[in-house]
Amino acid sequence: MPLMLVAFAVMGGMVTLLRQDVLAAVVTYQGTTAKFSSGRVSGQDIGFGMAQVDVAGVGTRNVLAAGFATGTLDGLCVSQVQTLPVIGDVVIKLTAGDGNSTTREISATNVQLDITQLRGSGTGINLDGRVQIGMASQDVTTLAGVDNPLGAPTGTGWWGIDATAGDIFSAKGYLYDAEIGGPISLPGLRISVTPKAAGGTECWSTPGDATPVPH
Amino acid sequence: MTGAGRRWQRVWVLLGVLTVVLALTLWPDSPREAARAAQACGAGDVNRATLTTKGGVTLHPCLSKVTTVMTVPRTQTSSLGCGTLFLQPCYEIKWHITAVSKTANQTLKYADGTTESGLYRLTFQQFQIDKSATLATSGGSGYTTTLVPDTSAKLGNASGQTINTDLWVTADSTINLSFLTFSCNDNVRPDNGLWTLADVFIDVSAGGCGMNLKIRYAVTTSSGANGEITGAYSVNLPNTLLTVS
């Protein structure tokens, strides 16, 4: 029990730091993808580029790295199921947001999501300014003054899209890795660890399902 | 549950919580940071392409050599097949533009320093696909990325703005035009005479029932400063599923 209290105290401290825009964060998932959803993801200096990630216990996987220099989100949910002895399937879930679909209350800088599948419903995916398709991933620009911000392999064979700005509406997808290099503000942050048998649910079941996206 | 069972349950829950804590406390991993060292497009950036859009904007992208295949399956209006005896009018408008132009003899330079000649630059004005579009990569390093919007998609179209989409394509790219239809073998390629006829007619507007473009590079530009305008959101892919396989 004392250890558990320590763990919760540490986690509380981390959450406080995140809320105070102090801590950069990277959330990595071992061996399998996590599900994510958001009412809207908006970014400046946005880019998509094919890259590779090393997944623990699995090896190298190809992903579409979506990066933006500065961005805002209307709600966020990230979840993954882990199977534990005795307990069985446990849903680890991070949610944030203010419940208001007209605000983008989450802000972050230097964000990268390593995606394997993404669905943008309704308005879907919007790209603004100069949109380039077919450039090398290494040439996609997000952070000013940083070459190859997506960390993509160099040379040919790695496809990318670059845009001045972009939005993804009603986003649901799978990701291996979520990385925020700069400050992030996560109002309404909640982290839960709930056995499925006790009612634990993921962010959604299938990308096209009717599960509401967070706001 | 027994006392021992409860103790194990607490241990596993504790481990789960610690996993989340550790995940949140990790800073960006060092391998990716290392990969972010400055990387030019070939030594001294010599492998950048130099391209000029129809509107006169010069660009120097580093090109992937991965083809984006844009497919809009041609409408088949008869179940009797595609023989010359069966009329297959291309009446359904699946895509439309307000102007088109073609420039031959285009050469691209890729990130590995190789070049490809014999390409065409097509310029579509106010390019919109109304249904059945699929964009998929070909020639990627062990992957295929697919984008499938399930309703009308804008690929260089904005209300109140003139948007051009310049596409560098291979000679075997095809479009199927509603006013140049005679059978289902009515593919119009940029390297044949039919396209010249199309150029004449499409100064006003045109649409078609099919398209298969093998795009090496595409860029949208507008009448704004340096060919760029913000706030127009000229590319819109509604209800779109993106997959990496």
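The table for this structure:
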quantity: The lone exception for B:P31 - which of (1) modelled with pLDDT of 60 or more; (2) in a helix (DSSP H, G or I) it fails; calculated: (1)
quantity: The lone exception for A:I92 - which of (1) within 11 Å of chain B (Cβ to nearest Cβ); (2) over 23 Å from A:K196 (Cβ atoms); (3) surrounded by fewer than 23 Cβ atoms within 10 Å (Cβ to Cβ); (4) at pLDDT 85 or above it fails; calculated: (2)
quantity: Residues satisfying the stated conditions in segment A:118-156, i.e. assigned to a loop (DSSP other than H, G, I, E, B), touching a residue at least 40 places away in the same chain (Cβ under 8 Å) and closer than 20 Å to A:V53 by Cβ; calculated: A:V140, A:T142, A:L143, A:P149, A:L150, A:G151, A:A152, A:P153
quantity: Failed item in (1) closer than 25 Å to A:G99 by Cα; (2) under 15 Å from the mean Cα position of the chain (by Cα); (3) more than 8 Å from chain B (Cβ to nearest Cβ); (4) assigned to a strand (DSSP E or B), with A:Y176 passing the rest; calculated: (1)
quantity: The lone exception for B:T165 - which of (1) at pLDDT 90 or above; (2) away from chain A (no Cβ under 11 Å) it fails; calculated: (2)
quantity: Hey, A:G151 surrounded by 21 or more Cβ atoms within 10 Å (Cβ to Cβ) and closer than 20 Å to A:T72 by Cα or not; calculated: no
quantity: Of all residues in segment A:136-155 being at the interface with another protein chain (Cβ under 7 Å from one of its Cβ atoms) and touching a Ser or Thr at 6+ places or on another chain (Cβ under 6 Å), the one that is farthest from B:G142 (Cα to Cα); calculated: A:P149
quantity: Residues of segment B:148-167 classified as surrounded by 23 or more Cβ atoms within 10 Å (Cβ to Cβ) and assigned to a strand (DSSP E or B), total; calculated: 9
quantity: Number of positions in segment A:95-135 that are surrounded by 21 or more Cβ atoms within 10 Å (Cβ to Cβ), farther than 30 Å from B:A49 by Cα and more than 10 Å from chain B (Cβ to nearest Cβ); calculated: 5
quantity: Filter result for B:D191 (over 18 Å from the mean Cα position of the chain (by Cα), modelled with pLDDT of 80 or more and not in a helix (DSSP H, G or I)); calculated: yes
quantity: Residue list for segment A:156-172, filter: more than 8 Å from every other protein chain (Cβ to nearest Cβ), buried (at least 22 other Cβ atoms within 10 Å of the Cβ) and of a type in the set (G, A, S); calculated: A:G166, A:A171
quantity: Residue tally, condition among the aliphatic types (A, V, I, L, M), modelled with pLDDT of 95 or more and assigned to a strand (DSSP E or B), over segment B:168-183; calculated: 1
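The values are calculated or read from the model by the stated rules, or taken from the named source; none is laboratory data. Since we're looking at a predicted model, the values are computed, not measured. With ideal geometry, Cβ positions are generated from the backbone for all residues, glycine too; neighbour counts draw on all protein chains shown.
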